[in-house]
Structure formats: structure tokens, C-alpha cells
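Visitor: Next up is a structure, given as C-alpha cells.
The values are calculated or read from the model by the stated rules, or taken from the named source; none is laboratory data. If you're wondering where the values come from, they're calculated on a predicted model, not measured in any experiment. Neighbour counts are summed over all protein chains in view; Cβ atoms, including those assigned to glycine, are modelled from backbone coordinates with ideal geometry. Side chains are part of the model used for accessible areas, which takes the heavy atoms of the whole protein and leaves out ligands, DNA and RNA. Shrake-Rupley method; radii C 1.70, N 1.55, O 1.52, S 1.80 Å.
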Amino acid sequence: MIGVFLIGAVMASYSTNEFRGGLKIMIDGDPCAIIENEFVKPGKGQAFNRVKIRNLKTGRVLDKTFKSGESVDAADVVDTEMQYLYSDGEFWHFMDPQSYEQQAADSNAVGDAKQWLKAQDSCEVTLYNGSPIGVTPPNFVELEITDTDPGLKGDTAQGGTKPATLETGAVVKVPLFLEIGELVKVDTRSGEYMSRVKK
Amino acid sequence: MNWQPSASLDAIRQRARIYRQIRAFFNTRGCLEVDTPVLMPTTGTDVNIDSLEVAGVDPSLYLQTSPEYAMKRLLAAGSGSIFQICHAFRKGEAGRRHNPEFSMLEWYRVGYDYQQLMDEIELLITTLSLSRCEFQRLSYRELFRQSLQLEIDVITIEALRERCEKLVPGTDSSELDTDQCLDLLLAMAIAPTLQGYLFVYDYPLSQAALARPSERDASVAERFELFYNGLELANGFSELTDAAQQRARFEEDNRVRRSRGLRQLEIDERLLAALESGMEDCAGVALGLDRLLMVLLELDSIDEVLTFRN
């Protein structure tokens, strides 16, 4: 407890000249990540930093202008690799593979990532003041088809697709020849089918 | 290990080409090339410009933010019209269009006023561009009127702050003074909309820097800036020659510095003594050569014209 108290007491801050993409700062009470930082200065006038930031809680992107030289509180935000364990319906549970420490993320924090989460897969969990506020699934996941229309044998050359439900609940478009029970590789960033995976 | 220059060899050759042409341009027009020190015991007092101080020497020396003070001492000594190509240094100015060390062309024309100097800049840039260029001129007041329907002479600070927050979303303007609001609007609401070469002239007297007050309009100074597509290229004045007024401006800079918690700077007494002894009426301008190269070569980032970044 004492340690936590001390960390809270000596809050770090950043001056605008330390601004760069990826830096985590507090804006209006929310943790945010800097996406872009532009130094704007009329030769003999006041200098400003024009910054594009993402609110890490809401995902919203907004613009902010600072007088150069101003300081902004740092956000205590860390991205950690964690293993997804299971969901109890209300929370999604993750474990740090090194410390075995567990974290429970609510539906808000997991967001769209929930449709790609499969037990044992490694995810990036964003912790703010030690609690999860965001989850990024692996770029590629391999998931089993649990429901789709019957496969059309010998139709591998055709370009057609059909919807398929995967074991995590995600629905993706797959080629017509795929069957229930087959394993597919999906790009979680685009939600697109990549290839069939041999079991 | 990335040891390669950040500019292309073509950009490096183009820089050599324009330096040759600049020297030929001024030599044929009777301007003397001069070379003043980059390190001096005093520096510019501008509130918005921070100097780099060199450690380990006593008394401390400053890397010059422009060669203005030294060149004015040459003018007072009777040099006649002079020009200089040099490096200037400004602490903390780094970004897509800024580098703390940058190249400057500064020149002074004895007997010119600022409008005549603008004519000469047009001629120089046309010469360096190797093609016809169109130039426009607009007063600072008219620019705000046309771009934002804003009357800078009558607007209240409250209304000005409101416009800042509306036109530049995500701005907290509560601690900005009038000039800071105008800087914000010019840099972020007006400059991005500007097209081609544009001289903006007759800046508010509160932004006079080292410019002479206008005789036609007591609220403005004979200062101008040149923009290309909103990128600031040059800043010039009909030069202030009055030593007492110049001292008052230095002292005012230091007063504002104190109120903002910035360091006090020693006033350059040698410059004031030079003005006291008499400097002929003249107009002078500083033109950023890195940025001019960006414009001539149609490049978007200062890195692309610098051999190496600092």
C-alpha cells in the first residue's frame, strides 16, 4: 500500500518538447495516447504543439493545442503481454505468464477484441493505474468453424464466399468449400479470412 | 548505423546552386557580403525566441538567433547595404518545418523602406525559381478581415479567445493574451488556407520587434512576413533607428519575460551605442534558406533539405 501511495504522490509529467507518438498523457482526467505531434510557431510569435490524441478509455480521437513549454501529467499506462484464460460472461480473465498474476477486464475494456479471444492465446492488455482498459488480440488467430452452410465440393476455383461462425462467435466470410469443424486463419485487424489451416 | 545524409544529393546540389545565385544577385546590386560571429556575449531579447547558451566559457556566450544586432553595428559603422548567409540557432524549435540550427539569408538595404525591400525579395525569388512567380500583398489587419471576418482593432480579448476555441478545437485560450491569440489564429486557422507567395505587412505595434512604427498609422509597425502556401519564409522591417525607443522595447521584452517566468537577458549596449551614434534609414529582412529550398524543390519536410539533423 505504501508503495502505491508513493507512486501516486510523485506523478511524472512531460513537457511539450518531450511529446512524440505513443506517449501516454492525462487529458481531462482520462489516459490518452499521442498519435501525432506537430510543432507550430510563427517566427516571432508564441509556439504551440498541435497534438492528435486517442482517449484510451473511449477510443475517441481528438485534437489538442498546447502552448509550447507547458507540462502535462503522465498517464500510468502500460501495455503487457497476457494470456487469455476464460470469460464468466461479465469479465474476461487474463494472466501474466511471468508472475501468474490475474486481471479481469470488463466488456468495455475488451471491446471488439472479445470476438477473437480464444483460451491460451496471448494478447496485449493495456493497464491504467493497474487495471485493464483495453485489450488488443493477436494480429492473426486460428479458429474453428462451428457453423456454416454445407461445403460445395470441387468448387475450390470459384471466387465465391459464404458467412461462417467461428468458435469465438465471430462471423467471417470464407470460401465456399470450407466445412464445419475446419480451422481457419483470420486477420483480426481487418476481420478477413486469410487461409485454411491443416489440423 | 544510419550515417546517410537526410537530404538527397540533388537537394544538396540545389542548395549550392542557389547560394551561388544569391551571391551573384547581391554582388551585382552593390551589396557587400559580411560575416559576423555566431557566438556573442549577448543575444536577442525576443520573448518567444529562446537562445542556446554555450557552457564552459566565462562570460557565457550565446549562439545567435539571427545576425541582426551585429549587422546593425556594421551599418552604423558606415558599411552601406550588406548581406550575409549564416547559420542561426533557436532552442527548442524542432519539427517538420523547424530545426534548432538553420540557414538564414539576412540583408539590409540602406535608403529602402519595407515596401521597396519586398520588391527586391520578389526579384530574388523569381531569379532563384528560374520561373515567373506571382506575389500578393495584404496588410495584417486585412488578412484577418478577409480570412476570418475578424476586426483586430475592435475585438475584445473575450471574443478573441472565443474565436480561438471555436476555430482551433481543443484549445484552452483562457491564459492567452491578445498577441498569443492572434499568433494561434494566424498559424492554425489562417496559414493553412493561404496559397502562393503572400506578403503580410503592417503588423500590430505590439508585435513590432525591431520595426519602425508606421507614420501613416500609429497602431502598426512597418514589419512584414512572407509566406508560401502558409509556410513562413521571411520576416523584415523598415528598421527602427531610434536608440531610446529600441532600449524601451528591450526593457519591455524583459518585463514580459519576468511576468512569464522566463530568464532576464542582458541588453546589448553595444547595439544601442551604435544606434545612438546614428544608423542610416534602412530596411532589412531575414529569409530562411532551408524553407526556401523546400519551396523551390517542392519538399514537405525540412529534413529533406538538411545534410544532417542536429
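Visitor: Got a number for the accessible area of A:THR161? Probe 1.4 Å, square angstrom, nearest 10.
Guide: About 80 Å², rounded to the nearest 10.
Visitor: Which Rg and Dmax, in Å, describe the Cα atoms of the stretch B:136-262?
Guide: According to the Cα coordinates of the stretch B:136-262, Rg and Dmax are 15.1, 43 Å.
Visitor: Would you report the distance distribution of C-alpha pairs in the stretch B:188-244 as whole percents per 10 angstrom bin, up to the bin with the largest distance?
Guide: Percent of Cα pairs in each bin: 25, 45, 26, 4.
Visitor: Pairs of Cα atoms under 8 Å, at least six residues apart: use those to get the relative contact order of chain B, whole percent.
Guide: 24 percent
Visitor: While we're here: Report the longest stretch of chain B that contains none of the chymotrypsin sites (Phe, Trp or Tyr not before Pro) sitting in a DSSP loop with at most 14 other Cβ atoms within 10 Å.
Guide: Looking at chain B, B:4-307 is the longest stretch - no exposed chymotrypsin sites (Phe, Trp or Tyr not before Pro) with at most 14 other Cβ atoms within 10 Å.
Visitor: Chains A and B: what accessible area do they bury, summed, in square angstrom to the nearest 100, with a 1.4 Å probe? Don't skip to the end; give the middle numbers.
Guide: Numbers: alone 11960 and 15050 Å², together 25160 Å².
For chain A against chain B, roughly 1800 Å² becomes buried.
Visitor: Taking θ as phi - 60°, what are the ³J(HN,Hα) couplings along the stretch B:143-159 by the Karplus curve (6.51, -1.76, 1.60), each to the nearest whole Hz, with x for Gly and Pro?
Guide: Whole-Hz 3J(HN,Hα) from phi for the stretch B:143-159: 4, 5, 5, 6, 7, 10, 6, 10, 9, 5, 7, 10, 5, 7, 4, 5, 5.
Visitor: Check each of the GluC sites (Glu not before Pro) in the stretch B:209-244 and keep only those in coil by DSSP with at most 10 other C-beta atoms within 10 angstrom; list them in order. Write down the numbers at each step before the final one.
Guide: On the way: sites: B:GLU215, B:GLU222, B:GLU225, B:GLU232, B:GLU239; in loops: B:GLU215.
Counting only loop positions with at most 10 other Cβ atoms within 10 Å, the GluC sites (Glu not before Pro) in the stretch B:209-244 are B:GLU215.
Visitor: Using only protein heavy atoms and a 1.4 Å probe, report how much of A:ASP112 is accessible, in Å² to the nearest 10.
Guide: Looks like 130 Å² after rounding.
Visitor: For the stretch A:1-139: lysine pairs with Cα atoms under 23 Å, gap of 8 or more or different chains, count?
Guide: Final tally of qualifying lysine pairs is 12.
Visitor: When the chain is fully extended, how far beyond the present Cα-Cα distance does B:GLN21 get from B:TRP3, taking 0.36 nm per residue of separation? Don't skip to the end; give the middle numbers.
Guide: On the way: separation 18, 0.36 × 18 = 6.48 nm, distance 2.99 nm.
Stretched out fully, the B:GLN21 to B:TRP3 stretch lengthens by 3.5 nm.
Visitor: Give me the mean projected area, in nm² to one decimal, of the convex hull enclosing the Cα positions of the stretch B:19-174.
Guide: Seen from a random direction, the Cα hull of the stretch B:19-174 projects 13.5 nm² on average.
Visitor: Taking every DSSP beta bridge that has both residues in the protein assembly as shown, what percent is antiparallel when rounded to the nearest 5? It would help to have the intermediate numbers written out before the result.
Guide: Working: 103 of 111 bridges.
Of all bridge pairs located within the protein assembly as shown, approximately 95 percent are antiparallel.
Visitor: Ranked by accessible surface with a 1.4 Å probe, highest first, in what order do B:ARG270, B:ARG13, B:ARG161 come?
Guide: On the way: B:ARG270 110, B:ARG13 155, B:ARG161 70 Å².
If we order B:ARG270, B:ARG13, B:ARG161 from most to least accessible, we get B:ARG13, B:ARG270, B:ARG161.
Visitor: For the stretch B:212-310, what ratio Rg/Rh do Cα atoms give with a Kirkwood hydrodynamic radius? Intermediate results must be reported in sequence, preceding the final value.
Guide: Values: Rg = 17.6 Å, Rh = 16.5 Å.
In the stretch B:212-310, Rg relative to Rh is 1.07.
Visitor: For A:THR188, enumerate residues with amide H under 5 Å from its amide H, sequence gap 5+ or separate chain, H modeled in the peptide plane.
Guide: A:PHE140, A:VAL141
Visitor: Something else about it: Per residue of A:54-66, count partner chain C-beta atoms within 10 Å of its C-beta, then hand back the mean as an integer.
Guide: Numbers: counts 0, 0, 0, 0, 0, 0, 0, 0, 2, 5, 5, 11, 3.
For this peptide, the per-residue mean of nearby foreign Cβ atoms is 2.
Visitor: Between the stretch B:109-124 and the stretch B:219-288, what is the separation of their alpha carbon centroids in Å?
Guide: Each part's Cα centre sits 18 Å from the other's.
Visitor: Using the reciprocal of the averaged 1/r over all distinct C-alpha pairs, how large is the Kirkwood radius of the stretch B:1-68 in Å?
Guide: On the way: mean 1/r = 0.0644 Å⁻¹.
Radius from the Kirkwood sum: 15.5 Å.
Visitor: With a cap of 15 neighbouring Cβ atoms within 10 Å, and only residues DSSP puts in a loop, list the GluC sites (Glu not before Pro) found in the stretch B:96-139.
Guide: Details: sites: B:GLU101, B:GLU106, B:GLU120, B:GLU122, B:GLU134; in loops: B:GLU134.
Answer in residue order: B:GLU134.
Visitor: Which values, in whole Å and largest first, are the semi-axes of the equivalent ellipsoid of chain B obtained as the square root of 5 times each eigenvalue of the Cα gyration tensor?
Guide: So the equivalent ellipsoid measures 28, 25, 22 Å along its semi-axes.
Visitor: Please build a GNM for chain B, connecting alpha carbons under 10 Å apart, and tell me which residue among B:ALA88, B:ALA221, B:ALA187 fluctuates the most.
Guide: In this elastic network of chain B, the residue with the biggest mean-square fluctuation among B:ALA88, B:ALA221, B:ALA187 is B:ALA187.
Visitor: What is the set of long-range amide H partners of B:SER139 at a cut-off below 5 Å, with H atoms built 1.01 Å from backbone N?
Guide: So B:SER139 has HN proximity to B:TYR201.
Visitor: Something else now. For the protein assembly as shown, what does the accessible surface come to per residue with a 1.4 Å probe? Please give it in Å². Intermediate results must be reported in sequence, preceding the final value.
Guide: On the way: 25160 Å² over 509 residues.
Per-residue accessible area for the protein assembly as shown comes out at 49 Å².
Visitor: Could you pull the Cα extents of the stretch B:68-108 along its three principal axes, largest to smallest, in whole Å?
Guide: So the three principal-axis extents are 39, 14, 10 Å.
Visitor: Report, as a whole number in µm² per second, the diffusion coefficient that Stokes-Einstein gives for the protein assembly as shown at 20 °C and 1.002 mPa s using the Kirkwood radius over alpha carbon pairs. Kindly include the intermediate steps, with their values, before the conclusion.
Guide: Details: Rh = 27.1 Å.
D, rounded to a whole number, is 79 µm²/s.
Visitor: Another question about this same structure. If you count, for every residue in A:35-42, the Cβ atoms of partner chains within 10 Å of its Cβ, what is the mean? Don't skip to the answer; put the middle values down first.
Guide: Numbers: counts 0, 0, 2, 4, 7, 10, 11, 13.
What the average comes to for A:35-42 is 6.
Visitor: Turning to a different aspect of this structure: Counting only protein heavy atoms, probe 1.4 Å: which residues of the stretch B:184-199 lose 50 Å² or more of accessible surface in the full assembly compared with their chain by itself?
Guide: Listed by number, the residues meeting the 50 Å² cut-off are B:MET188.
Visitor: Further question: Using a 1.4 Å probe on the protein heavy atoms, what percent of the accessible area of the stretch B:141-227 belongs to carbon and sulfur? Write down the numbers at each step before the final one.
Guide: On the way: 1880 of 3820 Å².
Carbon and sulfur atoms account for 49 percent of the accessible area of the stretch B:141-227.
Visitor: While we're on this one: Based on the Kirkwood radius over alpha-carbon pairs, what value in µm²/s does the Stokes-Einstein equation return for the translational diffusion coefficient of chain A at 4 °C and 1.567 mPa s? Intermediate values should be presented prior to the final figure.
Guide: Working: Rh = 19.7 Å.
D = 66 µm²/s.
Visitor: Would you kindly calculate the translational diffusion coefficient of the stretch B:23-113, applying Stokes-Einstein with the Kirkwood radius from alpha carbon pairs, for 4 °C and a viscosity of 1.567 mPa s, and quote it in µm² s⁻¹ without decimals? Show your work: numbers first, answer last.
Guide: Values: Rh = 14.4 Å.
The calculation lands on 90 µm²/s.
Visitor: Let me ask something additional. Return the sequence-ordered ³J(HN,Hα) values of the stretch B:239-255 in whole Hz as given by the Karplus equation 6.51 cos²θ - 1.76 cosθ + 1.60 applied to θ = phi - 60°, using x for Gly and Pro.
Guide: 6, 6, 10, 8, 5, 5, 5, 5, 4, 4, 5, 4, 5, 5, 4, 5, 5
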